[in-house]
Structures are given as structure tokens and as C-alpha cells.
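See below for the structure under consideration.
The values are calculated or read from the model by the stated rules, or taken from the named source; none is laboratory data. Everything numeric here is computed off the predicted structure, so don't read it as measured data. So basically every Cβ, Gly included, is an ideal-geometry build from the backbone, and we count neighbours across all protein chains shown.
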């Protein structure tokens, strides 16, 4: 039989089992935002920018200022140019006091190479007086006949066209008559109204070699029938006293400037000089484009006829007395009234491509002297102008004013007949001996 187990001692307890490792509870997921805020920054620290010095700030401001100036200078220059142009235009308008049509006519026709030629007679007496004679030694004291050069910036725009209203602005309404040369002191044969800054030596020009060969050489080169002279009328509808009630404009070739051109053409043809006479109307419908349209016609004719060396643009001058009435520029030839004539010589002073203008002036000087010897008092002063008047197209190109609004067409033709014979002799000639 089995013996019973001994009783447990009261102080003894159940044996303690050794501690077993226990998996810890998983920690709650950390709050990322909080961890980011509390986590130390382990990235490498960048060096702190040093504070800008006063010198650096000053340089930066200077650079900014220069950058602003670079962008502002073109605007400032454009504004200054616009102000100068506007101011000049305002002064010109105030000085001329023109109508809008008048101002448009000045600007457009002047830009096209020339302007309407207008002159004013303060007193008709000097216009009909005989032009002084040559000095005994044959020299021409040109310096005394040339006025002091005008200041182009102030005077040239106003000279694009002159009318009774503009010529006498600010002047004595009844100025004294210009002195007539004393008959005992003949003085110079040639005189010049100079509206440019140039001071041409008229004596030297009068004796210089001619720019155009004589007629025989031209015919040998181009043929007997090749035209040598072109006659046209930029202001084709200009009329004389017969058309006073039509503002001195006419389409009648017998009573307008075309009649004077016909006399010139017939005289040259009778001398054996081939001529082309254009009677196309250039001053209608837009008078402002007269010179532009005439230039187109001239270029077309020259392209077809390179033999042409002389171009005469025949006009009728508009001469008025201070009271606005038409003045007649007359002389007497063979006991009959004849209209005086005037050469207008253009230059490159207004910017036209016309470097050979002195050849044109030399021709005008020779013709004026010969015409005065043939009929004293026939020629008025040569008018030297800044605009080119389309004279750059030939060395023998001239604008010719045949009489004035106060003259009749018959008087204009009578004066032209004398000058035409002089022109024919010039064309037939050659180098002077």
C-alpha cells in the first residue's frame, strides 16, 4: 500500500516559474506632424547671408537708375522731337496765318520737289524799269547783288509759297518804293534774289564751260529728229488777265500759259531744234500733287527720249500789289507792251538730290544776259530757291515765269518770242571761244 504524501510545509509555496519574455505592446503610431516639429534638423546648415553693406545698396540703386534711364531716354527724345516739331509748326502757322488749303498746298507741294512760285510787287515801278547794264570791263559784281544768306530753319518753310497775305506779314502796309538804279551808273547787268544759304559766284558761273554739247553734236549722236527740248507746264491751267474771273485759271490753250509754251516750241522748231511740248494737265484734280505728277511725266519722257538735254517748265507768275490786286510785270518791245520773264533756279538746299544745280544756274545767267542785250528790261531777277522744282532731271532744266496775272496772254507771248530766239541761239551754240 502506498504511503501517503507528507503534508506541505506551511511556509512553502508553489515553486515560482522563471519569467518568460513577453512581447511588449505595440506602441501607438507617432503623430507625424508633431514628430516633424519636435525632431531635430539633422540636415547640414547653410551659411547665413552676410548683411548687405551700404556700398552694395548704393551700387544697386545706381544700376537701377541707369536701367531706368536706358528705357526712358528714347521716350524722352521722341517727346522732345515732337515738341520741337509741334512748336515750329505752330510758329509757322502763326507767322503765315494760312487757310487749311493753303497750308496743305505748301507742305505737299514743297515735299514733292517744289512749290507754287508766288512773288509780290510792293511797287510796280521797279518791275518795269530797265535792268542795269554790264560794267565797262564786262565783269559782274555779283557780291553786291546777293543779299545776306537767310537762316534756312526759320525762312525756308515760309518760302515754299508766298502770297500777298504771307509776304507782308508784320510789314509796313505802304513801304517806300525800291530805288531805281541811276542811269548814269549802270551797275551790274545780272541780279539774283537769293532765298538760299548759298553764295554762288555768278561771274565764274557765267564763264564756265557749258554742260551741254551744241545741237550739231546732239543730232550726230541721237539723230536729226531726236527731241532735244522738253516743254511742259506743271501748273497747266494758269491763265492771264482774260481769266481773272476764274481765279486766273483756264482750260483754253489760247489764253493760258500753254500759249506761251507754244510760242517757245514754234520758235525752237523753226530754228531746227526738235521739241516735245507736253500739254498734259498736272494741277488737277489735286493741285498739291502738281510737281509730283510732273516729275513722273518727265521721267517717262526721258526714258523714251534720252536725247533731251533742256527742260523748260513754263509758268505764269502770280504778282500782287499790297492791296491784293494783280500786278502786271511789263516792259516795252518795239513800242508794244510785253510781259517780263523770270528764271527760277532750284537747288538742293531743301534736301533734293540735285548736286548739279549750278549748271542750271549758269544756263540761266547766260540766257538772262543775252535776253537783256536783245531787249533791255525783258528779264526780271533770277530767283534762286531751296526747292529743286524738278530741275534735277537735266543740266538745262529751268522754271520760266512768263509774265504775271495782270498781263494778257498776248503780252506774255510777245515777251516769250524774244526769249525763245535767245534760247535757240544758246542751244545751237557750244563751247565759247
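So residue 324 passes all but one of these: (1) farther than 26 Å from residue 249 by Cα; (2) out of contact with any strand residue (DSSP E or B) (no Cβ under 9 Å at 6 or more places or on another chain). Which condition number does it fail?
Failed condition: (1).
Of all residues in the stretch 240-255, count the ones that are buried (at least 20 other Cβ atoms within 10 Å of the Cβ) and in contact with a helix residue (DSSP H, G or I) (Cβ under 7 Å, 6 or more places away or on another chain).
The qualifying residues number 2.
Determine whether the stretch 265-285 contains at least one residue that is in contact (Cβ under 8 Å) with a residue 60 or more places away in the chain and assigned to a strand (DSSP E or B).
Looking for residues that are in contact (Cβ under 8 Å) with a residue 60 or more places away in the chain and assigned to a strand (DSSP E or B), one finds none in the stretch 265-285, hence no.
Here are some residues: 207, 236. Which one is surrounded by 16 or more Cβ atoms within 10 Å (Cβ to Cβ) and under 22 Å from residue 420 (Cα atoms)?
Matching residue, one of 207, 236: 236.
Specify the residue that is modelled with the highest pLDDT; the eligible residues are those in the stretch 210-228 that are touching a helix residue (DSSP H, G or I) at 6+ places or on another chain (Cβ under 6 Å) and either farther than 22 Å from residue 277 by Cβ or not in a helix (DSSP H, G or I) (or both).
Ranking the candidates gives 228 first.
Quick check on the stretch 370-396: of everything there that is in a helix (DSSP H, G or I) and in contact with a helix residue (DSSP H, G or I) (Cβ under 7 Å, 6 or more places away or on another chain), which residue is surrounded by the most Cβ atoms within 10 Å (Cβ to Cβ)?
Once the filter is applied, the top-ranked residue is 391.
Would you point out which residue out of 400, 363, 367 is within 16 Å of residue 263 (Cβ to Cβ) and out of contact with any helix residue (DSSP H, G or I) (no Cβ under 7 Å at 6 or more places or on another chain)?
None of the other options fit; the residue is 400.
Residue by residue through the stretch 308-341, note down the ones that are on the phi < 0 side of the Ramachandran plot, surrounded by fewer than 17 Cβ atoms within 10 Å (Cβ to Cβ) and not in a strand (DSSP E or B).
Those that are on the phi < 0 side of the Ramachandran plot, surrounded by fewer than 17 Cβ atoms within 10 Å (Cβ to Cβ) and not in a strand (DSSP E or B): 321, 323, 325.
Could you give every pair whose Cβ atoms fall below 7 Å, whose first residue belongs to the stretch 356-377 and is at positive phi and touching a residue at least 60 places away in the same chain (Cβ under 8 Å), and whose second residue is buried (at least 19 other Cβ atoms within 10 Å of the Cβ) and not in a helix (DSSP H, G or I), counting only separations of at least 6 or pairs across chains?
These pairs meet every condition: 377/131; 377/331.
Scan the stretch 413-432 and tell me whether some residue there is out of contact with any strand residue (DSSP E or B) (no Cβ under 6 Å at 6 or more places or on another chain), part of a loop (DSSP other than H, G, I, E, B) and either crowded, with 20+ Cβ neighbours inside 10 Å or modelled with pLDDT of 95 or more (or both).
no
Among the numbered conditions (1) out of contact with any helix residue (DSSP H, G or I) (no Cβ under 6 Å at 6 or more places or on another chain); (2) part of a loop (DSSP other than H, G, I, E, B); (3) modelled with pLDDT of 50 or more, tell me where residue 197 comes up short.
(1)
Restricting to the stretch 200-209, give me the number of residues that are more than 30 Å from residue 305 (Cα to Cα), touching a helix residue (DSSP H, G or I) at 6+ places or on another chain (Cβ under 7 Å) and part of a helix (DSSP H, G or I).
Residues that pass the stated criteria total 2.
Taking the stretch 401-412, which residues are surrounded by fewer than 24 Cβ atoms within 10 Å (Cβ to Cβ) and touching a residue at least 40 places away in the same chain (Cβ under 8 Å)?
405, 408
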